[in-house]
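Below you'll find the structure, written out as structure tokens, and then a few comments.
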Amino acid sequence: MRNLLHEYKTPKKVYIRLIAYGLPLTLVSFLVAVYGGSLPELLFGSIGTVFFGGCLIAAIIRLLSKTPELILYKEGIYSFQTGYIPWTNIYRADVHTSMIGSDDFLELYLRDRRAYMKTRPILARIIAYGNRMIGHQYASISMSLIYHSSASRIIYVIHSNCPDVETPLSMLHEEEH
């Protein structure tokens, strides 16, 4: 049993809203792919179906799951996006703001990327490689679904409990709320 430090839950209404947006986008993309007459319509419809369909499936899984979106343990970190990673495989935690949508990401720099990737399911590996392609770390956690906290606050909690994980100095002086 792992020693719990903190967990971050996302309200179920957020996933319901994502499903409400994702269902029509997936359906429209699928219809464009099937009934579109041109190659660009087939391509965009197919890409849209896979992307929005994947997001829809993830939102449904998260709606039905009882597991919090992010959990900090004394021994490591768990998120739906990354799975469990022990602190011993993380040498740095940082915040990266995405150029797309200005979302903050909690970036986890891994000591042994290969060991991490071997434990990931194929879809998680694809996402991890996609993260690197757009300038994020393999283990990146989008803060858009982490409610009642910020990436810098989470980094402060990580450093307070795991001083071996490097963190940006500017975030170490944040006071408890």
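Laid out as a table, the results:
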read-out: Matching residues, segment 38-57, being open to solvent by 40 Å² or more (accessible area, probe 1.4 Å), of a type in the set (A, V, I, L, M, F, W, C) and touching a helix residue (DSSP H, G or I) at 6+ places or on another chain (Cβ under 9 Å); value: 42, 43, 44, 47, 50, 51, 52, 55, 57
read-out: Candidate set from segment 1-15 (those that are over 15 Å from residue 85 (Cα atoms) and among the basic types (Lys, Arg)); member that is surrounded by the most Cβ atoms within 10 Å (Cβ to Cβ); value: 9
read-out: First in segment 65-78 and within 18 Å of residue 144 (Cβ to Cβ) and among the acidic types (Asp, Glu), second anywhere and open to solvent by 60 Å² or more (accessible area, probe 1.4 Å) and assigned to a loop (DSSP other than H, G, I, E, B), Cβ under 7 Å, 6 or more apart; value: 69/9; 69/80
read-out: Tally of residues being over 14 Å from residue 155 (Cα atoms), in a strand (DSSP E or B) and at pLDDT 85 or above across segment 86-101; value: 1
read-out: In segment 16-37, the residues that are open to solvent by 60 Å² or more (accessible area, probe 1.4 Å), within 24 Å of the chain's Cα centre (by Cα) and touching a residue at least 12 places away in the same chain (Cβ under 8 Å); value: 16, 18, 23, 25
read-out: Scope segment 102-131; condition touching a strand residue (DSSP E or B) at 6+ places or on another chain (Cβ under 9 Å), free of Cβ contacts under 8 Å to residues at least 40 places away in the same chain and farther than 23 Å from residue 158 by Cα; matching residues; value: 121
read-out: Subset of segment 123-177 (residues that are acidic (Asp, Glu), modelled with pLDDT of 80 or more and surrounded by 13 or more Cβ atoms within 10 Å (Cβ to Cβ)); value: 166
read-out: Residue list for segment 102-119, filter: within 23 Å of residue 9 (Cβ to Cβ) and in a loop (DSSP other than H, G, I, E, B); value: 103
read-out: Restricting segment 79-98 to residues that are farther than 13 Å from residue 3 by Cβ, touching a strand residue (DSSP E or B) at 6+ places or on another chain (Cβ under 7 Å) and without any contact (Cβ under 8 Å) to a residue 24 or more places away in the chain, the residue that is surrounded by the fewest Cβ atoms within 10 Å (Cβ to Cβ); value: 97
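The values are calculated or read from the model by the stated rules, or taken from the named source; none is laboratory data. Everything quoted here is computed from the prediction, not taken from an experiment. Cβ: placed from backbone, ideal geometry, glycine included. Neighbour counts: every protein chain shown. Note: accessible area is taken over every heavy atom of the protein model, side chains too, but ligands, DNA and RNA are not part of it. Shrake-Rupley method; radii C 1.70, N 1.55, O 1.52, S 1.80 Å.
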